[in-house]
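For reference, the structure discussed in these notes is given below.
Read the figures in this text as sums done on the coordinates, not as results from a lab. None of the values given here were measured: they were computed from a predicted structure. Using ideal geometry, Cβ is built from the backbone for each residue, glycine included, and neighbour counts are taken over all protein chains shown.
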Amino acid sequence: MSEPTRWKALQASGLIHPHAGAVSAPLFREGGFFLAQDKVQVKYEMLRAHAVGEASVSAAAVGHGYSRSGFYLVKAAFEQAGMTGLLDGRPGRRGPVKVTGDITAFIRGAPPGISGAVLAGEVERQFGVLLHRRTVERIQRR
């Protein structure tokens, strides 16, 4: 695959390293197979450099355009999910939305002055959904 084609594929997949210019690891200096813009490859090589003893955590992170804390996040994701852990997670909400239109209408229709905690209890009794009082208060204010 040519480098321009690889670039296009990485861009289309959202896999461009956001700090490719900060990658200073020797493997990525010459280009070719090792492409500093390939976020997944850079993450893998960062973990490998540390695992085989080529670099400390700090040196591996800096050499691949990441912080120490970023290194540990990448390492944890890799340990948990393998190679797919090196892909970024989906952006946005992770779980189902608990507040339905019926619940919102119920909260907004409540008489003024009822606390969020009391309304949260009422929502749980009527709808079987446990909401935090602050969630209820935010809905009341809108």
Could you give the length gained on full extension between residue 127 and residue 79, defined as 0.36 nm per residue of separation minus the Cα-Cα distance, in nm?
13.3 nm
For region 38-44, take each phi angle, set θ = phi - 60°, evaluate the Karplus expression 6.51 cos²θ - 1.76 cosθ + 1.60, and give the result in whole Hz per residue in order, putting x for glycine and proline.
7, 4, 5, 5, 5, 4, 4
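Using only DSSP helix segments of four residues or longer, with each worth -39500 (n - 2.57), what per-residue ellipticity at 222 nm results for the chain after dividing by its residue count and rounding to 500?
Counting only the DSSP helices, I get -15500 deg cm²/dmol.
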How much length is gained if the chain between residue 88 and residue 22 is pulled fully straight, taking 0.36 nm per residue apart and subtracting their Cα-Cα distance, in nm to one decimal?
21.9 nm
With +1 at each Lys and Arg Cβ and -1 at each Asp and Glu Cβ, the charge dipole magnitude of the chain around its Cα centre, to the nearest 20 debye, comes out at 560 debye
Let me have the relative contact order for region 3-86, percent, based on Cα pairs under 8 Å that are six or more residues apart.
26 percent
Regarding region 101-141, what is the average projected area of its C-alpha convex hull, in nm²?
2.4 nm²
Using Cα pairs closer than 8 Å and at least 6 residues apart in sequence, work out the relative contact order for the chain, in percent.
15 percent
Taking θ = phi - 60°, what integer Hz values does the Karplus form 6.51 cos²θ - 1.76 cosθ + 1.60 yield along region 65-77, in sequence order, with x for Gly and Pro?
x, 10, 8, 4, 5, x, 4, 5, 5, 5, 4, 5, 5
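Tell me, what is the Rg over Rh of the chain, with Rh the Kirkwood radius over Cα pairs?
1.27
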Counting only residues 5 or more apart in sequence or on a different chain, those whose built amide H sits under 5 Å from that of residue 64 are 24
Work out, in µm²/s and without decimals, the Stokes-Einstein translational diffusion coefficient of region 3-86 at 20 °C, 1.002 mPa s, Rh from Kirkwood over C-alpha pairs.
168 µm²/s
Can you give me the Cα centroid spacing of region 97-142 and region 1-33 in angstrom?
49 Å
Pull out the extension gain between residue 6 and residue 59, defined as 0.36 nm times the separation in residues minus the alpha carbon to alpha carbon distance; nm, one decimal.
16.3 nm
For residue 38, list long-range residues whose amide hydrogen, built 1.01 Å from N in the peptide plane, is under 5 Å from its own amide hydrogen.
17
